[in-house]
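Below you'll find the structure, written out as structure tokens, and then a few comments.
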Amino acid sequence: MAATRTKAAKASPERPPRRRDAGAMSPPRVGFVSLGCPKALVDSERILTQLRAEGYLIAPAYRDADLVVVNTCGFIDSAVDESLDAIGEALAENGKVIVTGCLGAKGDVVRKTHPAVLAVTGPHATDEVMRAVHAHLPQPHDPYTSLIPPHGVKLTPAHYAYLKIAEGCNHRCTFCIIPSMRGDLVSRPVGEVMREAESLVKAGVKELLVISQDTSAYGVDVKYRTGFWEGRPLKTRMTELARALGGLGAWVRLHYVYPYPHVDEVIPLMAEGKLLPYLDVPFQHASPRILKLMKRPASAENNLARIRRWREMCPDITIRSTFIAGFPGETEAEFEELLRFLNETELDRVGCFAYSPVAGAAANALPGPLPEEVREERRARFMQLQEKISTRRLQRKIGKTLTVLVDEAGPGGAVARSSADAPEIDGVVHVAYSPTLQVGTFANVRVIRADCHDLWAEVV
């Protein structure tokens, strides 16, 4: 199916592709397109799991599907265009389309562009999607629940999985419209999160990637209520959850962590080997004035001191972050301040976006919008500096022995990831061929070469 816009975002068919003969009493089939971020991918997994639980099969191509569900992204203009194109393609190829996801929360954009869609819902709306599916493709009389694995249907490779611990966000960053689409923070019960994590590990998952819009705020909405897992009390809070996840025997990687003071509490867990020494912290900028305009927490000075403290507690920690260049009103001096911050912190993994106006974002009303060419020029300068920093930091790893998780393996060698590499967004470790390298297994390798993003290694 030409139905995927993100890597590993297409569900595998349960049987080989085939055409359905007229009048055949085979189970109904649903095609699925999953777009957007890992949080949207988890939504897709939940819908797919429910579909399979109710006896529906997942079609590998539009022609094999009785209808198609498209899970959309609506964060920036390019994502909106991509989502609308995907809906149009599904309509042209199949004709029966249900739309869900973030674009569905943006008023009647979908209906205006594609009035022929069967239904439109917002994000994290499994029940609404299933009601729409039932209305247009009735559920089989006898659900094949025995076909569903305990961990549900996953869109990622078998050896890693995303673990979403909360929905929504309480922040009101001026460049972001996520809260208007996904609502305020709603933390999942800690026992439910742990049961899902345990089920994934028992199914062979070697790496759990913990995600939410603001992972460090987990439990704030329920005042860190005490829940239960395996009969033991467990507080609904990031530190306690991270400690419990660290006892399951899998890699645990924390994403989207705001730089709150209590984040310091998880760093010792990394130093002890309970969690991967990796933090994904979206700092966004370094200028106090720009951070204030963005309505971001903390300040550049506090962030710099905190990063130093984290590295003192856990010297092997990898810090990943994202930044915005060319925010409305950003002066050349404030951009230079951002570059100095980057030089001082020497962050390991960094992404930078040129500011892009998003419909409905408060930042659109700020004075001093910058021309597109200025925004892009600053983004390019930022990334040129980061390439030098990344190259320097990766060169220091030459000669070191690392534990890696193998993602791909073949006669030409393997592609693997170390603790410093999250799937899809960071670099990789290219490993010379060895018969011992198998997908989904760990290996110890020695680094022999590096560039600005990736490492090359051999098995030791």
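May I ask you to list pairs of residues, at least six apart or on different chains, whose Cβ atoms are under 7 Å apart, with the first in the stretch 361-384 being more than 14 Å from F175 (Cα to Cα) and in contact (Cβ under 8 Å) with a residue 60 or more places away in the chain and the second being open to solvent by 60 Å² or more (accessible area, probe 1.4 Å) and among the aromatic types (F, W, Y)? Correct list of pairs: empty, since none qualify. Filtering the stretch 392-417 to residues that are open to solvent by 70 Å² or more (accessible area, probe 1.4 Å) and without any contact (Cβ under 8 Å) to a residue 24 or more places away in the chain leaves R396, P411, G412. With respect to K154, is the statement that it is at pLDDT 95 or above, open to solvent by 30 Å² or more (accessible area, probe 1.4 Å) and farther than 30 Å from Q284 by Cα true? Answer is no for this residue. Residue check: V460 meets all listed conditions (1) more than 26 Å from I211 (Cα to Cα); (2) open to solvent by 30 Å² or more (accessible area, probe 1.4 Å); (3) under 26 Å from the mean Cα position of the chain (by Cα) but one, namely (3).
Filtering the stretch 418-446 down to residues that are buried (at least 21 other Cβ atoms within 10 Å of the Cβ) and either modelled with pLDDT under 95 or not polar (S, T, N, Q) (or both), which residue is nearest to L347 (Cα to Cα)? Step by step, filter the stretch 418-446, then rank; the result is A420.
Is there a residue in the stretch 296-303 that is among the hydrophobic types (A, V, I, L, M, F, W, C) and modelled with pLDDT under 95? Looking through the stretch 296-303, at least one residue is among the hydrophobic types (A, V, I, L, M, F, W, C) and modelled with pLDDT under 95.
Being closer than 19 Å to S419 by Cα and not in a strand (DSSP E or B): is that true of A286 here? Spelling it out, it is not the case that A286 is closer than 19 Å to S419 by Cα and not in a strand (DSSP E or B). Within the stretch 243-271, if we keep just the residues that are of a type in the set (A, V, I, L, M, F, W, C) and under 26 Å from R172 (Cβ atoms), the residue that is surrounded by the fewest Cβ atoms within 10 Å (Cβ to Cβ) turns out to be V263. Could we say that T331 is in contact with a strand residue (DSSP E or B) (Cβ under 8 Å, 6 or more places away or on another chain) and among the hydroxyl-bearing types (S, T, Y) here? Spelling it out, it is not the case that T331 is in contact with a strand residue (DSSP E or B) (Cβ under 8 Å, 6 or more places away or on another chain) and among the hydroxyl-bearing types (S, T, Y).
It is to be established whether one or more residues within the stretch 96-116 are under 19 Å from the mean Cα position of the chain (by Cα) and surrounded by fewer than 18 Cβ atoms within 10 Å (Cβ to Cβ). Taking every residue of the stretch 96-116 in turn, none turns out to be under 19 Å from the mean Cα position of the chain (by Cα) and surrounded by fewer than 18 Cβ atoms within 10 Å (Cβ to Cβ). Note on the stretch 157-184: residues that are surrounded by 21 or more Cβ atoms within 10 Å (Cβ to Cβ), within 30 Å of V415 (Cα to Cα) and out of contact with any Leu (no Cβ under 8 Å at 6 or more places or on another chain) amount to 1.
Assess whether D77 counts as being open to solvent by 10 Å² or more (accessible area, probe 1.4 Å), out of contact with any Pro (no Cβ under 6 Å at 6 or more places or on another chain) and not hydrophobic (A, V, I, L, M, F, W, C). When the stated conditions are applied, D77 passes them. Pairs linking a residue in the stretch 68-97 that is farther than 15 Å from V120 by Cα to a residue that is part of a helix (DSSP H, G or I) and open to solvent by 30 Å² or more (accessible area, probe 1.4 Å), with Cβ atoms under 9 Å and 6 or more positions apart or on different chains, are E93/R63; N94/R63.
Scanning the stretch 185-240 for residues that are without any contact (Cβ under 8 Å) to a residue 40 or more places away in the chain, in contact with a strand residue (DSSP E or B) (Cβ under 9 Å, 6 or more places away or on another chain), open to solvent by 70 Å² or more (accessible area, probe 1.4 Å) and more than 28 Å from R417 (Cα to Cα) yields a total of 7. From the list V120, V153, the lone residue that is of a type in the set (V, I, T) and farther than 30 Å from F442 by Cβ is V120.
Set side by side, the residues Y224, Y258 differ, and just one is modelled with pLDDT under 95, assigned to a loop (DSSP other than H, G, I, E, B) and out of contact with any Leu (no Cβ under 8 Å at 6 or more places or on another chain), which is Y258. Against the conditions (1) at pLDDT 95 or above; (2) under 29 Å from N303 (Cα atoms), A365 satisfies every one except (1). So for the stretch 379-395 (the condition being on the phi < 0 side of the Ramachandran plot and either among the acidic types (D, E) or at pLDDT below 95 (or both)), does at least one residue qualify? Within the stretch 379-395, one or more residues are on the phi < 0 side of the Ramachandran plot and either among the acidic types (D, E) or at pLDDT below 95 (or both).
The values are calculated or read from the model by the stated rules, or taken from the named source; none is laboratory data. None of these values were measured; they are calculated from a predicted model. Note that each Cβ is placed from the backbone with ideal geometry, even for glycine, and that neighbours are counted across all protein chains shown. What goes into the accessible areas is simple: the full protein's heavy atoms, side chains included, and nothing from ligands, DNA or RNA. Shrake-Rupley method; radii C 1.70, N 1.55, O 1.52, S 1.80 Å.
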